[in-house]
1. Has segment 577-585 got any residue that is farther than 30 Å from TRP797 by Cβ and touching a residue at least 24 places away in the same chain (Cβ under 8 Å)?
2. Please determine whether any residue of segment 357-366 is free of Cβ contacts under 8 Å to residues at least 60 places away in the same chain and closer than 24 Å to VAL711 by Cα.
3. Would you call ALA96 farther than 14 Å from THR390 by Cα, surrounded by 24 or more Cβ atoms within 10 Å (Cβ to Cβ) and among the small types (Gly, Ala, Ser)?
4. Evaluate the following for HIS677: is it in contact (Cβ under 8 Å) with a residue 12 or more places away in the chain, over 30 Å from GLU761 (Cα atoms), buried (at least 21 other Cβ atoms within 10 Å of the Cβ) and in contact with a helix residue (DSSP H, G or I) (Cβ under 8 Å, 6 or more places away or on another chain)?
5. Which residue is nearest to ILE68 (Cα to Cα), if the candidates are limited to segment 690-701 and must be buried (at least 18 other Cβ atoms within 10 Å of the Cβ) and under 34 Å from the mean Cα position of the chain (by Cα)?
6. What pairs come up if the first residue lies in segment 886-900 and is in the same structural domain as TYR920 (by TED's automatic domain parsing), the second is part of a loop (DSSP other than H, G, I, E, B) and of a type in the set (Asp, Glu), and their beta carbons are under 6 Å apart, counting only those six or more places apart or on different chains?
7. Taking interchain pairs and intrachain pairs at least six residues apart, which have beta carbon atoms under 7 angstrom, with the first residue in segment 92-104 and within 11 Å of TYR459 (Cβ to Cβ) and the second basic (Lys, Arg) and crowded, with 16+ Cβ neighbours inside 10 Å?
8. Looking at this structure, is GLY510 out of contact with any Gly (no Cβ under 7 Å at 6 or more places or on another chain), assigned to a loop (DSSP other than H, G, I, E, B) and on the phi > 0 side of the Ramachandran plot?
Amino acid sequence: MTEIDIHADGVEMVKSLCYFCHANCGVLAYVKDGDVIKIEGDPDYSNHGGLCCRGTSALLHVNHPARINHALKRVGEKGEGKWEQIPYDQAIQEVAEKLNQIKAESGAEAVATAGGTTRTDDWARRRFLNQFGSPNGFHNALLCWIPTFMAETCVAGWSPFETDLGGAKCLILWGMNPGASTLGGMDGYTDLQKAGLKIIVVDPRYSETASKADLWVPLRPGSDAALALAMLHTIIYEGMYDFNFVNEWCDGFDELREHVKDYTPEWAAPITWLKPEQIREVARMYAMNRPGCIQWGCTWDQIGRASTTGSHAIALIRAVCGNLDVPGGDGMPGPSLGFLTDEEMEANECLPEEQKAKQIGSNKFKLTSWPGYQLISDNAKRTWGKTLPTEWFCEAHGPSVFKAIITGDPYPVRALIVNATNPVNSYGDAKMTLQALKQCEFLVTVDYWMTPAALFSDYVFPAAGALERPTIVTHYGATDSFMGGRRAIQPKYDRHTDMTFWRKLGLACGQDPEMWPWETEEEAYYHILKPLGLSISCYNDFVDYYRMYYPPLHQNKFITNGGFWTPSGKVECNSSILRQLGYSGMPTYIGCIENEIDTPEIAEEYPIVLTTGGGFMPYHHSEHFQMEGIRFLYPDPYFSINPELAEKLKIEYGDWCWIETRRGRIKMRANVEPEVHPNVVFAPRGWWFPERDGSADLDNPFGCLESNVNVLTSVDDWDCDPMGGSWANRGLMCKVYKCGEFDKEYKPSDTQFSIPGSSKEPGVTVMPSDQHLAREPIPFEVPQPPEEVPEGYEWVWQSGNLYTKDTHFRLDESGWLINPRTKGYHDAYTGWRYDAANECLVDDETGKMYTMDREEIPFVAGIRCYPGSEAAPYEVPEQLTWDVAKGHAVLGDLAFVYDPNSGWLIDPETGAFHDAYYGYTYDAERACLVDEASGRCFDMGYNELVAEEPEPASEEAAPEGAAAAEEGE
């Protein structure tokens, strides 16, 4: 191996960020002659200089021979793999023409986009969609945090996702395994544990992290909601909640106490496979070691119909224990009030209301689509002054969009742009998803690699990689901190970043260029950061000199704010927003989609519990399977099975086995070890075989189905969470058996899709609109205002307050409007801000100032004047007189304005300063006073200065204007 000299001439070190998982670790890239020659971890970043095998593969990634480097246009049949390489801008123009045609024929909603984990910002996609007029953008965010965030926000006004571990006495790691997934995380947990932090791990697997826990809680996969409800019951009925916090800051606690009365540990024990005392132990350890933290894990959002019930119950556990927004608890940062948020970059005002109403899935899964987002967003604007981005937090229901492509229900979706996702591997019911990609009339993919989606596309665009793009981290626009990394090199070949793709496509579709003023991410990111007022002139300056921005840590904000950021101002134990959406305001138990208690007939045929969806090193989702060195570390798909069950099924380590649910079957190899319960198997997500010829088997291109756990999962409406739309990855019922001599290959019959997914008949047997939800909506009638609401205002029934419709300012009892961001007062008639220092109103849009009677205040030379006022509002020096008509003090008949703040006279025409006694001009260059009538100079004490005899000077050296001055003499 050749040693790289990073100190050689011409080598530049660039501070970058890794793009291969959500940690976005700091990277130092060494660049020479426009290429990266070496990378290493940044010791001054959160990863402390470390990089995992994904991060260290960045150099291999940027130059990998399988990367897509140029725009490709399909010239053969779909899936045939025949392409024509064309210029990027030509491809953009041709795609734009087709999208505009579809919009003209079928409406903008007939165009949808599917996204994956872009991991940083994705506002450009939504900015494009909003201007285009389509509400149908989506990611697989419903499996990752978003439903939990929305449920927690309904409870307390923002998701409390920032753990203050340094001051915590207890930590619950619920459904997460930082010992194998988060670089730089586990050592921090371990150090805190040594210092006294108690760690509880809730996980069906005896994971790396569980092995180090003070308490491991091995619940049945998919039973998280039952555990959370039983813990909540225990905390309340054993009197372990924070009495003071509940009494002062919680609303509806008595209702909650009655609601959870029957959710005892004895009730939950058979559901969770835990003993009642185990449930009491975890509840007691958390509640009696305050302050404490609960760290979110993806599990909460992957249980299907029970997902949001579980996260709702967990949010209330945290709340009644008083662990919200306090030192040592879970912090609620709120949106950034300093830099621009993602939402402010999305141009959501461009999407008409009638188009919002067409968002697919919004009539069913309301919490994470426009109905729920609108209520939560409006409330955030009233309480925080800013809100969440629509990207991720307000999306079409991805599986329902795929069904619409196939069925035309609720209307035809004719075009799909796939950006930064491998849908067959990342969305539920992989067979149905693959059928949608095959059947889509116009499919466009932006990616690094040739994926199944790309294979069936009409156009494929190359994406810039980790080292070819600048990166920012704002946690999906949901926090007030900002971290950044530079692009190490310009994109190679004809690769482009996501923002460039959406910007070019928007302009080609005819969108207003003024709505796309930034040509590069660096320009856009500088625009985002500029309000902070940092000493930078560009985005790269921020990375070089700051790298990250964290505002001062403010805890107990709910005290200084006068309440929480909910409609009622309290922690809502009986959520008013959820009730308004037609859901129960308190978490009400519902089981996972298949289990021994609720569906014994299914359990009889499929007796083993399957949990899926978990990530595993060295891959992230379905990425890095093309990387030979990484693939060497984990060449085949392995599922975990307990030795007791393996012996019963005559399975040995390494055996290829079938895992089968009602929806299909896949092949994996057996990893026999006691990390799971004897009646549980764990199968990791993401498997495909990109080394294969995708066109050779269009029923199973790149082997994308045969070891893909999403073949086993369900996206049928009745299996999805009725609030947030999450589909079921955990707690499924399956059977496992060895591949036989004559049953070891994936057959065409294994690839047949069906809607519903569990139907025995292939194809569509129940239309999506005919599928019911696991829970029917609960009728709710919004209370009416007691009196007529003034025009321009809206009445919030939870608090009885009036808010302006445009600015969301609250009408105070004093008659003033209150700005939620600044807590400042604004005039209720004009919205102008009250300036207490100047005792006037200010129109911040124009900068004009007005009297309290709303009459414009005149300014001359920047000095406020009071025309018509008989007396001066300030002390006038004795040598000056007050001019009633002009409204300012004057010196004789000079046309100068007296400035009471500086004590100088100002010339309104030139802006020059003049002495207030004699009217002499102040010469800043010579720091003296000049009598322009005589030319004499005086010091500041009015002592005349004697001019020195000037040195003779040549004509060329004479200062500019000297000849004119001489003529004037």
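The values are calculated or read from the model by the stated rules, or taken from the named source; none is laboratory data. All of these numbers come straight from a predicted model, not from anything done at the bench. All Cβ positions, glycine included, derive from the backbone under ideal geometry; neighbour counts span all protein chains shown.
1. no
2. no
3. Criteria not met by ALA96.
4. no
5. This residue is PRO690.
6. Qualifying pairs under 6 Å: PHE896/ASP907.
7. The qualifying pairs are ILE92/LYS504.
8. In short, yes.
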